[in-house]
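The values are calculated or read from the model by the stated rules, or taken from the named source; none is laboratory data. Computed from a predicted structure; not experimentally measured. All Cβ positions, glycine included, derive from the backbone under ideal geometry; neighbour counts span all protein chains shown.
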Amino acid sequence: MTNAPGTNPDQANAAAIAEAAPPLQQRSRWQTAARELRRAPLSAQFGMIIVLFYIILAVFAPLIAPYSENELVGVQYAPWSDEFVFGTDQLGRDMLSRLIFGARNTIGIAFVTTLLAFLIGGSLGLLASILGGWADQILGRAVDVLMAIPLLIFALVLLSIVGPSWINLALIIAVLDSTRVFRLSRAVAMNVVVMDFVEAARLQGEGLSWIMAREILPNILPPLVAEFGLRFCFVFLTVSALSFLGLGIQPPAADWGSMVRENATLINYGDITPLLPAAAIALLTVAVNFVVDWFLHKTSGLKE
């Protein structure tokens, strides 16, 4: 190959190689996500498998459960058998079916409650960080008052007054738990509000909602997503605890907390059936924490 006069041979060779080499394909988001999942530690992979398993149970409960949620299929407290894998409860309902439907009720209400808590606490936290001044002080002092009262005791009192329906349960826990979300969202947003691009958006005349959704929220998502997982665990345990005390999800709906209470007498006879819903609660809590720990490590920028 003859180079043109005045052309550097090294530059010519580099240009020829660049023309001959195929263009590098940019990884899609799905490929990047799959690569990160394969590189995740075993604890995180285990947690994701368990969470996915629970989601499948909750979504397809009517198709997976051998019996309906409240169908009387046998005698009271029937032992484990081929017909009833985990026996029956105090009314003769299949325990396996109740466990599966309990995943839909307990996890579903906990997820909706956590989502509502983040909508309330996150919005108010971003608003307080942007407005500052008296608005920040009023919201902050109101949150301090609510956080000074133990959540479970406050929820018990309020549910005793308004009645233990699942709507009241979700609203009360969401409002009380939104205080924790407010503190976190305000703290992380305060570091972003002072940035130049936020000030530029203000000077351009953008509204508060636009600045919150387009400028601040994308920059604080990692800690909020991790907090969502932790808050879900706390809400999930709170809902189960209230159901165990009789003020949570009400019968005849299947709920893991109330299932422990209803069948607790079997423990006196050496039957571990009441421990099954308790184990389901513990397993999901541990799995979510494994995933959250891995996500926090990935978003922190630390090396393996």
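Here are the numbers for the structure shown:
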quantity	calculated
The lone exception for F111 - which of (1) buried (at least 22 other Cβ atoms within 10 Å of the Cβ); (2) in contact with a helix residue (DSSP H, G or I) (Cβ under 7 Å, 6 or more places away or on another chain) it fails	(1)
Tally of residues being touching a Lys or Arg at 6+ places or on another chain (Cβ under 8 Å) and among the β-branched types (V, I, T) across the stretch 163-181	1
Top-ranked residue of the stretch 213-223 - restricted to ones that are assigned to a helix (DSSP H, G or I) and crowded, with 19+ Cβ neighbours inside 10 Å, ranked as modelled with the highest pLDDT	I216
Residues located in the stretch 133-148, provided they are exposed (fewer than 13 other Cβ atoms within 10 Å of the Cβ) and β-branched (V, I, T)	I138, V145
Every residue from the stretch 196-209 that is surrounded by fewer than 17 Cβ atoms within 10 Å (Cβ to Cβ), in contact (Cβ under 8 Å) with a residue 12 or more places away in the chain and not aromatic (F, W, Y)	L208
Failed condition for L266, given (1) in a helix (DSSP H, G or I); (2) surrounded by 19 or more Cβ atoms within 10 Å (Cβ to Cβ); (3) aliphatic (A, V, I, L, M)	(2)
Hits in the stretch 133-187 (condition: of a type in the set (S, T, N, Q) and closer than 17 Å to A117 by Cβ)	N168, S178, T179, S185
Matching entry among S178, S209, S258 (being polar (S, T, N, Q) and more than 21 Å from I130 (Cβ to Cβ))	S258
Pairs where the first residue, in the stretch 251-276, is over 14 Å from T88 (Cα atoms) and the second is surrounded by fewer than 18 Cβ atoms within 10 Å (Cβ to Cβ), C-beta under 6 Å, 6+ apart	P252/N70
